[in-house]
Amino acid sequence: MHAWPASEVPALPGKGRDLRIHDTATGGRVTLAPGPVARIYVCGITPYDATHMGHAATYNAFDLVQRVWLDTKRQVHYVQNVTDVDDPLLERAIRDGIDWVGLAERETALFREDMTALRMLPPQHYIGAVEAIPGIVPLVERLRDSGAAYELDGDVYFSVEADPHFGQVSNYGTELMRHLSAERGGDPDRPGKKNPLDPMLWMAAREGEPSWDGGSLGPGRPGWHIECVAIALDHLGMGFDVQGGGSDLIFPHHEMGASHAQALTGEFPMARAYVHAGMVALDGEKMSKSKGNLVFVSALRRDGVDPAAIRLALLSHHYRADWEWTDQVLQDAVDRLERWRAAVSRPDGLPADALVEEIRDALADDLDAPAALAAVDRWVAAQTAEGGTDESAPGLVSRSVDALLGVAL
C-alpha cells in the first residue's frame, strides 16, 4: 500500500530543540532525544468513512512531532497502518450493499487526498492489515505455543496475565478497563475466557466474512491489536520513540498492543513514549463514525475552504485538549490566515529571527501549537502596524510557518 506525496519542508537557520512531550504511561513529560533516526508509529484509520476533524487533529499532532524532529536535523522513520479489514468496515459494506474491499480502497484514497491537502508528512511505510497477515500468523502461533495465548472454540485469545507489565500504559482500574473493552470492540462477557479482558488475537472464519490462511490457527482473520504490533515490530522494532494515536486508543488498543509486544520479545517497553491526542466534539459529543456527528475534511474542501485554514483551526487547540469544532473556530482560522498572508506579502518587514526561536520553543514544550500561533500573531500585528526594513523577514516567517507548523503562506 502506498502513502501520499510529501510536501517539501524548508530548511531553517540554526537548530531545533529536543522535544519534551507528555507520556501517557508515566503521566509526566519525557525528553525525546533520539539518535540520528527517530522512530514513530501512529495508528491509522479504519477506512469505512471519510476523514473527519477528529482524525485530522490526531494526524496533525504527530505531523508536528515529525517537524520538530526534522528541525533538529534528524531523519524520521514513520510507520502508519490502515485497518482495512474490521467489523465496522464489513458492517458498513453490508449496509451500503457494496464490496468491502472497494469501500476500503475508496476511503483510503480519499484519506490520502485529505492528508495531501493538509500537508501532513507521509509515513515511509503505510501498511494495510490485510497485507500484514502473513507476518501476523506466526506471531499468534508463537504466543499460543509459549502459553501466552489460548484457543477458545477455534478463536485465539491473548492472556493478559502473560504480561507482568499489563496496565502500565493506561494505568486504568479493572472496572474501567472492562467497560472500555466492551465499548471498544472487546468481548469481556464471553464465557470461557480466562480473563474478561483477554483480547482476541485470531478470529476463526465466520460464514459470509472474509478469511485468510492462518497456518496451524486455521482460516480466519487477525484481531485489531496484533495487527499494529506485527507492523510496528517488523518496521521499527522494540523501544521505538513514540506510539501515537487518539486518546480513545489508550485502552484497549495501546495497552493490549504493548502487552502483545512484550510477551513476544521479553522486552519492555514497546515505545519510549505513548502520546495521545484529545477528542474533537461537535454539538457537545465526540465526533464518531458510529454517531454520525462528523465534519469531513473533504466536505470543507469541496465547499472551498482553504486547507491551510483547516490546519490553523486544528493548531489553535493544544493537541492533548478535548475541544469542540464550531463555525467560529473555522472562521477565526480563515481570518488568521488572511492576516498572516497579508503580513508576509510585504517586500520587507520586522526582524523575524526571534520569532523562529519562539515557535521552536513552543513546539518543543509538549507541542504547544497555540503558543506558537500566538507568537506569529504578535509578529504579524507589529508588522501590520509598524512594518520594518528587513527584506529577508517575510520570507523567513513564511518558511518557518511552513517548516514547523505545516501551513503554506
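The values are calculated or read from the model by the stated rules, or taken from the named source; none is laboratory data. For clarity, every value in this text was computed on a predicted model and none was experimentally measured. Cβ coordinates were reconstructed from backbone atoms using ideal geometry, including for glycine residues, and neighbour counts include every protein chain displayed.
Being surrounded by fewer than 18 Cβ atoms within 10 Å (Cβ to Cβ), assigned by TED's automatic domain parsing to the domain that holds Arg144 and at pLDDT 95 or above is a property that does not hold for Glu324.
Screening the candidates Thr51, Thr24, Thr83 for the property of being of a type in the set (Val, Ile, Thr), modelled with pLDDT of 95 or more and under 26 Å from Leu294 (Cα atoms) yields one hit, Thr83. Restricting attention to the stretch 68-109, the residues that are assigned to a helix (DSSP H, G or I) and on the phi > 0 side of the Ramachandran plot total 0.
I'm trying to understand the selection: among the residues of the stretch 134-148, which are under 23 Å from Arg190 (Cβ atoms) and under 28 Å from the mean Cα position of the chain (by Cα)? Within the stretch 134-148, Ile136, Val137, Leu139, Val140, Leu143 meet the criteria.
Per-residue answers, yes or no, for (1) farther than 24 Å from Ala309 by Cβ; (2) surrounded by 24 or more Cβ atoms within 10 Å (Cβ to Cβ); (3) not hydrophobic (A, V, I, L, M, F, W, C):
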| position | (1), (2), (3) |
| --- | --- |
| Gly44 | yes, yes, yes |
| Asp49 | no, no, yes |
| Asn60 | no, yes, yes |
| Asp71 | no, yes, yes |
| Val76 | yes, no, no |
| Val79 | yes, no, no |
| Val82 | yes, yes, no |
| Asp86 | yes, no, yes |
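Counting only residues that are more than 30 Å from Pro34 (Cα to Cα), give me the strands (runs of 3 or more DSSP E) lying completely in the stretch 146-264 with at least 3 of them.
149-152, 155-158, 200-204, 220-222
In the stretch 110-137, the qualifying residues are those that are small (Gly, Ala, Ser) and part of a helix (DSSP H, G or I), and the one that is surrounded by the fewest Cβ atoms within 10 Å (Cβ to Cβ) is Gly135.
Evaluate the following for Arg67: is it of a type in the set (D, E, K, R) and in contact with a His (Cβ under 8 Å, 6 or more places away or on another chain)? Against the criterion (of a type in the set (D, E, K, R) and in contact with a His (Cβ under 8 Å, 6 or more places away or on another chain)), Arg67 does not qualify.
Remark: pairs (first residue in the stretch 36-64, within 15 Å of Val76 (Cα to Cα); second residue charged (D, E, K, R); Cβ separation under 7 Å; 6+ apart in sequence or on different chains) = Pro36/Arg74; Val37/Arg74; Ala38/Arg74; Ala38/Asp241; Arg39/Asp241; Ile40/Asp241.
From the list Glu338, Glu386, the lone residue that is over 28 Å from Leu32 (Cα atoms), at pLDDT below 95 and either of a type outside the set (Gly, Ala, Ser) or loosely packed, with under 15 Cβ neighbours inside 10 Å (or both) is Glu386. Any residue that is closer than 30 Å to Ala403 by Cβ and modelled with pLDDT of 95 or more - is there at least one of those in the stretch 134-149? No, there is no match, as no residue in the stretch 134-149 is closer than 30 Å to Ala403 by Cβ and modelled with pLDDT of 95 or more.
Among the residues in the stretch 209-217, are any buried (at least 21 other Cβ atoms within 10 Å of the Cβ) and more than 30 Å from Val65 (Cα to Cα)? Yes, the stretch 209-217 contains at least one residue that is buried (at least 21 other Cβ atoms within 10 Å of the Cβ) and more than 30 Å from Val65 (Cα to Cα).
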